[in-house]
Amino acid sequence: MIKNDVKKLINAAAAARASAYAPYSKFRVGAAALCSDGSVYTGCNIENASYPCGICAERVAVSKAVSDGRTDIAAVAVVGSSSEKCTPCGLCRQFMYEFSPDMLVISCDKDGNSDEHTLYELLPHGFGGKSLK
Ligand code: THU
């Protein structure tokens, strides 16, 4: 991905973070998924008084893309709210692996400093839906 596209995706994720509903952890996260056709879907974390019901920003963004028929996801940017770069949790890694194991994951701190990995690097030998076919 070219630098400018990465920057745009990070900006979209940072903007989505503004909608985070995180009254319990106070840790606000935004994500943006870039699909192979160029469309971008954003998401934020949404917590719940029943803690396990909460959902991460990445799964919201990817679910929005998939529910619009876009399962081919080229990249996902995640922006957290601390000085540590926010990498997807294990559940999100598996969730995203289903669709595009080779997607680029751009993990950012609150100031937009970023690291890049393929999803396969973050979840080597993950369980893929293809194994069931
Ligand atoms: N969270 C995300 O949305 N994405 C991540 O990559 C890490 C964690 C959320 C879940 C919870 O609402 C809050 O951040 C604290 O864990």
Looking across the stretch 11-21 at residues that are within 14 Å of the ligand (Cβ to nearest atom) and open to solvent by less than 40 Å² (accessible area, probe 1.4 Å), the single one that is nearest to the chain's Cα centre (by Cα) is ALA13
Inter-residue pairs, beta-carbon under 6 Å, first over 15 Å from ALA75 (Cβ atoms) and among the hydroxyl-bearing types (Ser, Thr, Tyr) and in the stretch 1-27, second at pLDDT 95 or above and open to solvent by 50 Å² or more (accessible area, probe 1.4 Å), 6+ apart: TYR21/ILE46
The lone condition GLN94 fails out of (1) within 24 Å of PHE127 (Cβ to Cβ); (2) touching a Cys at 6+ places or on another chain (Cβ under 8 Å) is (2)
The one condition GLU84 fails out of (1) surrounded by 16 or more Cβ atoms within 10 Å (Cβ to Cβ); (2) under 18 Å from ILE10 (Cα atoms) is (1)
If you check VAL76, VAL62, VAL6, VAL29, which single one turns out to be under 14 Å from VAL105 (Cβ atoms), open to solvent by less than 40 Å² (accessible area, probe 1.4 Å), more than 16 Å from the ligand (Cβ to nearest atom) and of a type in the set (A, V, I, L, M, F, W, C)? VAL6
Of the criteria (1) over 15 Å from VAL105 (Cβ atoms); (2) within 8 Å of the ligand (Cβ to nearest atom), which one SER82 fails: (2)
Given the structure, is ILE2 modelled with pLDDT of 95 or more and aliphatic (A, V, I, L, M)? no
Would the stretch 32-53 turn up any residue that is crowded, with 19+ Cβ neighbours inside 10 Å, of a type in the set (A, V, I, L, M, F, W, C) and touching a Pro at 6+ places or on another chain (Cβ under 8 Å)? no
So if I check each of TYR24, TYR97, which one is open to solvent by 40 Å² or more (accessible area, probe 1.4 Å) and of a type in the set (Phe, Trp, Tyr)? TYR24
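The values are calculated or read from the model by the stated rules, or taken from the named source; none is laboratory data. Since the structure is predicted, the reported quantities are computational estimates derived from the model, not experimental observations. Ideal geometry is used to build each Cβ from the backbone, glycine not excepted, and the neighbour counts take in all protein chains shown. Heavy atoms of the whole protein, side chains included, go into the accessibility calculation; ligands, DNA and RNA do not. Shrake-Rupley method; radii C 1.70, N 1.55, O 1.52, S 1.80 Å.
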